[in-house]
Structures are given as structure tokens and as C-alpha cells.
Amino acid sequence: MPISFDIVTIFPAMVEPVLAAGILGRAIESGTIEARVRDLRDFTTDRHRVVDDVPYGGGPGMVLKAEPIFRALDAIESERRAPLTVILLSPQGARFTQADASRLSRQAHLVLLCGRYEGFDERVRSRVTEELSIGDFVLTGGELPALVVMDAVARLVPGVVGDEQSVAEESFARGLLDYPQYTRPAELVGDPPLRVPEVLLSGHHGEIRRWRKREAIARTLERRPDLLATASLDDEERRILAEMRREG
Ligand code: 9D3
């Protein structure tokens, strides 16, 4: 059964073209994943299709009304004939991580609820399974975060990314940064010339594997030492890391 997503937004035009392009687009076209974009305004009942209103108690900005969101969720729930997993994208959410992507990729269906304005009527949260943020920076709405979550989840679904092995082995899932990669030519002419590390041209697969491990660990130690606290390293990697730490 393909995983399916319902994205609820007041800006379908911001979401739709992303779903048509690239690996996600191909997966949707082939039926490996399903995605529907629901315009929140289609779930209003007034002539002006109003989705927001002023906050009770006063203050700046507008708040997304609860009823159109409830009607959208009711409609999706009736179609699916099953309880929904509703993910609210908001700056107040828990930080979205690879572990969340992995967990969510085992669900059959996800609703991604995108906010705009100053936020949602708090009562929307009575229908929300979990609330996620993609990081500590301020965006204009939840559409890009919803696409980020969908992209990260969808690529873990079998058949979406061509090379299953690369998904399974990707170093980030183990808590390491990627090792450096090169492709032809072996030398870029210039001053100085930029050469591919000799070991990669050597054909010594054991040495190449160890070089890559060392590079991935060195980079992680240098740029993201926080990742090493929880990384799942094999014996060889632990030895390399201990040696690097000794040598400073
Ligand atoms: C925390 C800022 N809020 C103070 C009044 C206002 C506000 C700013 C931006 C409320 C909503 C938004 C729109 N952002 C999102 O909907 C959002 C988001 C983000 O801005 N950063 C990281 N992750 C996310 S997930 C949804």
C-alpha cells in the first residue's frame, strides 16, 4: 500500500509545483506515494471564504479559524474511514528529526496542516496528533515545512529513491556526516590544480572504505561534534574516533 499525504493549506499554489518535480514527482506519478493538496478555503461556508479572524483579547495579526480546519479534517476522515494522524507545522512544535521521518514513514497516511498568520485557534490542537517545527528560524508559513517533512518521509518509503542501499546506509541515519565525494576528471586544471585524493583512484577497496570512514568522522568531529554523542559507530569507527581525539 502506498503512503499517502493530505496537505491542508491556504496556498495550494505554493505546494503543488513541488509535488510535480523531481523524485517526489516521479513517486507520485508512479503511484508509490499519493499526495492531495486541500485548499482550506474550500472548507469555509461563508461567501467570502474567510479562513482567519482577529485574536480574542486583542493584539497584532490574524488567527486561523478552527471550523474550516475541522471541516477539512472531517472530510479527509470520511474519505479514509479511519482515524487521522494529523501533523501541525508550527514554530511551537518539537524539532523535526531524521528519527521522526523514519517513524512517520511507517504510517499509511499523514495529514500535514500548514499555518499562516500569527497562528491557529488553540482549539485546533484538540485534533492534532503531533506538532512539528523544522528549526529555529522564522518562516512565513507552514507550507515549506510541510514539504520538508513530506520529502524526508517519502524518500524513506521503499521504491521512492532508486537506490535502497544508499537510503539504508546513509551516514546521517547513523549520526555521521557524509564523506567527501569526487567524480571525473581526476584533475581540474588551474593554479593550483585540484586533484582527486589518490586513494580513490587506487582501486584498493579496503583502503577506500577506511579513508571514507576517517573523512566522515573527521568532518563530524570538526563540524558537528554533537552528533557523535549518539552516533551508532562500528568498532573500526570507534577506534578511528578515539585516535583522532587523542591526537587533537
Ligand atoms: C514564533 C513567531 N510567532 C510570533 C508571534 C509568529 C509566527 C511567525 C511565523 C507564527 C507563524 C509563523 C509561520 N511559521 C510556520 O508556520 C512554521 C515554521 C517556522 O516558521 N519555522 C520553522 N518551522 C516551522 S513549522 C511552521
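The values are calculated or read from the model by the stated rules, or taken from the named source; none is laboratory data. Because the structure is predicted, anything quoted here is derived from the model rather than measured. Cβ placement follows ideal geometry from the backbone for every residue including glycine, while neighbour counts extend to all protein chains displayed. Just the protein is used for accessible areas: all its heavy atoms, side chains included, with ligands, DNA and RNA removed. Shrake-Rupley method; radii C 1.70, N 1.55, O 1.52, S 1.80 Å.
See the values below:
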{"item": "Total residues in the range 196-248, condition open to solvent by 100 Å² or more (accessible area, probe 1.4 Å) and acidic (Asp, Glu)", "result": "4"}
{"item": "Filter result for residue 183 (surrounded by fewer than 19 Cβ atoms within 10 Å (Cβ to Cβ), within 16 Å of the ligand (Cβ to nearest atom) and part of a loop (DSSP other than H, G, I, E, B))", "result": "no"}
{"item": "Close pairs from the range 85-97: first in contact (Cβ under 8 Å) with a residue 60 or more places away in the chain, partner more than 10 Å from the ligand (Cβ to nearest atom) and part of a loop (DSSP other than H, G, I, E, B), Cβ under 7 Å, at least 6 apart", "result": "87/129"}
{"item": "Which listed residue, of 82, 66, is within 30 Å of the chain's Cα centre (by Cα), under 29 Å from residue 101 (Cβ atoms) and without any contact (Cβ under 8 Å) to a residue 40 or more places away in the chain", "result": "82"}
{"item": "The lone exception for residue 177 - which of (1) of a type outside the set (Ser, Thr, Tyr); (2) loosely packed, with under 15 Cβ neighbours inside 10 Å; (3) under 27 Å from residue 98 (Cβ atoms) it fails", "result": "(2)"}
{"item": "Long-range neighbours under 6 Å by Cβ, at least six apart or interchain, first residue more than 21 Å from residue 173 (Cα to Cα) within the range 138-161, second outside any loop (DSSP other than H, G, I, E, B) and more than 8 Å from the ligand (Cβ to nearest atom)", "result": "143/9; 143/14; 143/15"}
{"item": "Selection within the range 117-146 - closer than 14 Å to residue 72 by Cβ and charged (D, E, K, R)", "result": "121, 127"}
{"item": "Residue match in the range 62-77 (condition: on the phi < 0 side of the Ramachandran plot, open to solvent by 40 Å² or more (accessible area, probe 1.4 Å) and within 14 Å of the ligand (Cβ to nearest atom))", "result": "yes"}
{"item": "Members of the range 23-42 found to be of a type in the set (Gly, Ala, Ser) and within 13 Å of residue 147 (Cα to Cα), listed by number", "result": "25, 35"}
{"item": "Flag for residue 166 being of a type in the set (Ser, Thr, Tyr) and away from the ligand (no atom under 16 Å from the Cβ)", "result": "yes"}
{"item": "Members of the range 202-223 found to be among the charged types (D, E, K, R) and touching a residue at least 24 places away in the same chain (Cβ under 8 Å), listed by number", "result": "210, 212, 213, 214, 215, 219, 223"}
{"item": "Residues of the range 33-64 satisfying the condition of being of a type in the set (Val, Ile, Thr) and touching a helix residue (DSSP H, G or I) at 6+ places or on another chain (Cβ under 6 Å)", "result": "33, 37, 44, 51"}
